[in-house]
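Trainee: Here it is: the structure, laid out below.
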Amino acid sequence: MTSEQDFADLERLRANIEQAVLGKSDVVSLVIAALLAGEHILLEDVPGVGKTLIGKALARSLDGKFTRLQFTPDLLPSDITGSSVYNSTESKFTFNEGPLFANVVLADEINRAPPRTQSALLEAMGEGQVSVDGETHKLPDPLLVIATQNPFEFEGTYLLPESQLDRFLLRITVGYPPREFEHQLLRSHEVGEPVDKLSPVLALDRIREIQAAVRNVHFDESLVNYLLDIVHATRESDRIQVGVSTRGALAYYRAAQAIAVVERRDHVIPDDIKRLAVPVLSHRIVPRGMLPGADRSAAEELVQDLLDRTAVPT
């Protein structure tokens, strides 16, 4: 079960991240929740709103390794997984680890990578391993992939397949910061980059311990049924062609447990389920008549409408 020490450690993690990421408390909470759930995040927004900053701030706050991958159309699977190189001295092939061997991986502009490279990333995210030359290599634990894409730029991009979208626990928008925080941000850069001054406040062993505790967060039976009512509504709606899968329902369940811990609780409440419905479910449905790559707002509005129509347990 979660303890007061767990809550205190997570509060220190949040405070450390928010020294560099200003005015984005809700986004920081969701990123930490994804880490605790052992899942991954897709950030969709225009360039320059802090997507890379969030990944760097989280990585610098943990006693772990951070890598950044700039996805391009010519990126090969071996460029991210690593490759086997012949060692003439020992007369054998040696595996050189790629940038996926880290604890926080920022996959920038993921939709610019070709399908083969996206598939390699899919295995890493789903299985926590990579396969190279017939051999399987385990990735570090914990592993959080923060992928980004620009929703307004389609030239030279490849649509993410539904199977890969389903690997992301959350799809969220960072958005512009409020004016007062943007003013504070401008001032903070007068003496250097704030994120470069961050120091680790949490060891990876503690993260693994809290991740284990999250699985035991109390989830009342009435709330389990509430969550399933929302999931099944996506499958039964005549406005939705493909509803949320069982894997999506499990992701929703785990996300609710994680956000409860982030909010210093050892139990899930209805507001946790409401808060997560759109970021967890909207990228897991296909609205009827919606073309690939269409505006995400249609899916989000559908999920919000189904949520509003679902009775909340008392």
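Trainee: Here's a check for you: in the range 113-134, which residue that is in contact with a Lys or Arg (Cβ under 9 Å, 6 or more places away or on another chain) and at pLDDT 85 or above is nearest to Ile41 (Cα to Cα)?
Mentor: Ranking the candidates gives Met125 first.
Trainee: Next question. List, please: which pairs have Cβ atoms under 7 Å, are six or more places apart or on different chains, and start with a residue in the range 199-215 that is modelled with pLDDT of 95 or more and end with one that is among the hydrophobic types (A, V, I, L, M, F, W, C) and in a loop (DSSP other than H, G, I, E, B)?
Mentor: Ala213/Met1
Trainee: Mind listing whichever residues of the range 148-181 are acidic (Asp, Glu) and either modelled with pLDDT under 80 or under 13 Å from the mean Cα position of the chain (by Cα) (or both)?
Mentor: Glu153, Glu155, Glu162, Asp166
Trainee: Next question. If you scan the range 234-251, which residues turn out to be free of Cβ contacts under 8 Å to residues at least 40 places away in the same chain, over 17 Å from Arg309 (Cβ atoms) and not small (Gly, Ala, Ser)?
Mentor: The answer is Thr246, Leu250.
Trainee: Would you call Val174 within 30 Å of Thr94 (Cα to Cα) and outside any helix (DSSP H, G or I)?
Mentor: no
Trainee: Please specify each residue of the range 16-43 satisfying the condition of being under 11 Å from the mean Cα position of the chain (by Cα) and charged (D, E, K, R).
Mentor: Once the filter is applied, which keeps residues that are under 11 Å from the mean Cα position of the chain (by Cα) and charged (D, E, K, R), the range 16-43 yields only Glu39.
Trainee: Could you please let me know if Glu109 is surrounded by fewer than 21 Cβ atoms within 10 Å (Cβ to Cβ) and either modelled with pLDDT of 90 or more or under 19 Å from the mean Cα position of the chain (by Cα) (or both)?
Mentor: Considered against the rule, which asks whether it is surrounded by fewer than 21 Cβ atoms within 10 Å (Cβ to Cβ) and either modelled with pLDDT of 90 or more or under 19 Å from the mean Cα position of the chain (by Cα) (or both), Glu109 comes out as yes.
Trainee: Sticking with this structure for a sec: From Ala294, Ala311, Ala277, Ala298, grab the single residue that is at pLDDT 90 or above and either within 27 Å of Leu159 (Cα to Cα) or crowded, with 19+ Cβ neighbours inside 10 Å (or both).
Mentor: Every option except Ala277 fails the conditions.
Trainee: Given the structure, is Tyr253 part of a helix (DSSP H, G or I) and closer than 29 Å to Ala107 by Cα?
Mentor: yes
Trainee: Next question, about the same structure. Of the residues Phe168, Phe219, only one is surrounded by 15 or more Cβ atoms within 10 Å (Cβ to Cβ) and either touching a Pro at 6+ places or on another chain (Cβ under 6 Å) or free of Cβ contacts under 8 Å to residues at least 60 places away in the same chain (or both); which?
Mentor: After applying the criteria, what remains is Phe219.
The values are calculated or read from the model by the stated rules, or taken from the named source; none is laboratory data. Model, not experiment: these values are computed from the prediction. Cβ atoms come from the backbone with ideal geometry, glycine included; neighbour counts cover every protein chain shown.
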